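Down below is the structure, laid out as structure tokens.
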Amino acid sequence: MARPDKISRFLPISFANGNSVRRFGKHCPSCRAMVGSEHMEGIASKQQDKIFLAAQARCPSCGAGFPVRCVITDDKRVHRVLLPHWAFRMWLHMATRNDPQPPGEDNWTLETPQTQAPQGTVLPDNAFVTRSEEVLGRFQGEPINAWIEYQGQRFVFERAAPPSGDARLDASELLFEGRLIYRQA
């Protein structure tokens, strides 16, 4: 079933006669500003050489919300639907139950940046560290000290390092025992 999404993700839709709908917009009933498909959330589907559209629009100018329900024919004429919005939306959900979701952001792949060396400090195992008496809890069976002192500077507990070992550190952070990240106080 096609899930509700931004109407702009469903476009462009082409007809058999070669016409296509690339953009869609409606005037806001409150301020008369043009509201484009990127500000409409709902479903658009081509059924029997007509585009059926049921959406909820939000005007970027005044913030007013209003329903949009229409049918667009292959000659690009827009016809208003007289059914109540909830009934038309329910019918369109049923009519599109076997339609695939439009391609979009879900199919994007992100390039992962090359692993960078941490910018903070990674303490060696033999580093001289003063630990606080206060214990916040335990992580991997070992205590988490509220703060530590290293080379005369105090660092407070920030977070546990991810199990993958890929800890990204800010300049003011240090990795302690390979599992705990402390931030300079």
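For first residues located in the stretch 53-82 and small (Gly, Ala, Ser), partners that are open to solvent by 80 Å² or more (accessible area, probe 1.4 Å) and in a loop (DSSP other than H, G, I, E, B) and lie 6+ apart or on another chain with Cβ distances below 6 Å form the pairs 64/30. Would you check which residues across the stretch 38-51 are within 18 Å of residue 80 (Cα to Cα), open to solvent by 30 Å² or more (accessible area, probe 1.4 Å), touching a residue at least 24 places away in the same chain (Cβ under 8 Å) and not basic (Lys, Arg) and list them? The answer is 41, 47, 49.
Just one of the numbered conditions (1) modelled with pLDDT of 90 or more; (2) within 24 Å of the chain's Cα centre (by Cα); (3) among the β-branched types (Val, Ile, Thr) is not true of residue 148: (2). Does residue 95 satisfy the condition of being within 15 Å of residue 6 (Cβ to Cβ), of a type in the set (A, V, I, L, M, F, W, C) and crowded, with 16+ Cβ neighbours inside 10 Å? Answer is no for this residue.
Quick one: in the stretch 1-37, of everything that is outside any loop (DSSP other than H, G, I, E, B) and closer than 13 Å to residue 50 by Cα, which residue is most open to solvent (accessible area, probe 1.4 Å)?
Pass one, the stretch 1-37, residues outside any loop (DSSP other than H, G, I, E, B): 5-9, 13-14, 20-21, 25-27, 34-37.
Now restrict to residues that are closer than 13 Å to residue 50 by Cα: 13-14, 20-21.
Values: 13: 21, 14: 67, 20: 16, 21: 11 Å².
Ranking the candidates gives 14 first.
Kindly provide the set of residues from the stretch 137-146 that are open to solvent by 60 Å² or more (accessible area, probe 1.4 Å) and part of a strand (DSSP E or B), ordered by number.
Filtering the stretch 137-146 for residues open to solvent by 60 Å² or more (accessible area, probe 1.4 Å) gives 138, 140, 142.
Residues satisfying the conditions are 138, 142.
Residue 167 meets each of the listed conditions (1) modelled with pLDDT of 75 or more; (2) open to solvent by less than 50 Å² (accessible area, probe 1.4 Å) apart from (1).
The values are calculated or read from the model by the stated rules, or taken from the named source; none is laboratory data. Note that the structure is a prediction, hence the values are computed from the model and not measured. Positions of Cβ are generated from backbone atoms using ideal geometry, with glycine treated the same way; all protein chains shown enter the neighbour counts. Each accessible area value is taken on the protein alone, full model and side chains, heavy atoms only, with ligands, DNA and RNA left out. Shrake-Rupley method; radii C 1.70, N 1.55, O 1.52, S 1.80 Å.
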